[in-house]
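Participant: First the structure, then my questions, so here it is.
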Amino acid sequence: MEHNTNLELKALVETIVRDLLEKANSAQKVRKKVLFIFCDSSAHELFTDQLIQLDNTEIGYDLLFLDGETSAWLGLHQIESTGSTKVIAADELAPAPLELPKEYEAVVIPEIDLDNAARIALGLKGSVKAEIVFSALTLGKPVIIGEDVPGIKRADRRTLKKLSLPPAYQKLFIQYKEDLKNMGVILTKQERIYEAILEKLSGSPTHSSENGDKGKRFEGNVVTADWVHYYLEENDSLIVNMSRPIIFSPKSPV
């Protein structure tokens, strides 16, 4: 009986030691972390698969949800923009937007609108997005923004029942996006945000060809001239899946 008790005690001690060692190793392994800024608490649902991919590649992330232009929620802390003259904090533990990028390797804004694009391009503060991007760029942190967006806020779309900006505003929006690129902001398709994060944090492209040229992978069935013009740059190579037929078309499919 005593022998069995000693064996059980020994097994218990081994289990506890192994558990402590695993926790110590995981604590020592610091995961790179990025900050996602979403327009509201439901906007992240479209990016669930990409967040899973980040988890699978050992990249951490926090989600910041806006509840207005000048305030947002990060966990239980309400983040308030500084405005033009003072810092407003909802509680003593809540950081200002300017402080947030210091804790992350990159800042990700899946959807940008005309107002915030203009503020960032002109160096203006007064909104959570503008101040975080200003801080990140000043600190030399990567900023990744989704470019295939209408430029009109989600709340405005719901209120006005419009899905796009009028031509005059659309022209301004396109110009501001070009300004953002010139400032060093990374603009990418929303569905490729995960790839942009991985490429930036790992320091190597997610897809490359054997001869060293840049490679862009095509996953669809019809390669159009518009797709080639939009995605391929000089010296890029096109990677396709030859297990299924690929159609090359000079025009976009209707």
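Participant: Give me the one-decimal nm value for the distance between modelled label points at SER71 and VAL30, 7 Å along each residue's Cα-to-Cβ direction.
Facilitator: It is 3.4 nm.
Participant: What does the highest-first list of 154-166, 187-199, 121-133, 39-51 look like by mean Cβ count within 10 Å? Each step should come with its number before you reach the end.
Facilitator: On the way: 154-166: 11.9, 187-199: 18.2, 121-133: 20.3, 39-51: 14.5.
My ranking of the peptides, most packed first, is 121-133, 187-199, 39-51, 154-166.
Participant: Length gain on complete extension for the stretch LYS162 to ALA118, per 0.36 nm per residue less the alpha carbon to alpha carbon distance?
Facilitator: Values: separation 44, 0.36 × 44 = 15.84 nm, distance 2.03 nm.
Result for the pair: 13.8 nm of gain on full extension.
Participant: Where the accessible area of the range 67-189 is counted over protein heavy atoms with a 1.4 Å probe, how much of it, in %, is carbon and sulfur? The partial results should precede the final answer.
Facilitator: Working: 3530 of 6320 Å².
On the range 67-189, the fraction of accessible area on carbon and sulfur atoms equals 56 percent.
The values are calculated or read from the model by the stated rules, or taken from the named source; none is laboratory data. Treat the numbers as computed from the prediction; the structure is a model and nothing was measured. Virtual Cβ from ideal backbone geometry, glycine too; neighbours counted across all protein chains shown. The area values use the complete protein model at the heavy-atom level, side chains included, leaving out ligands, DNA and RNA. Shrake-Rupley method; radii C 1.70, N 1.55, O 1.52, S 1.80 Å.
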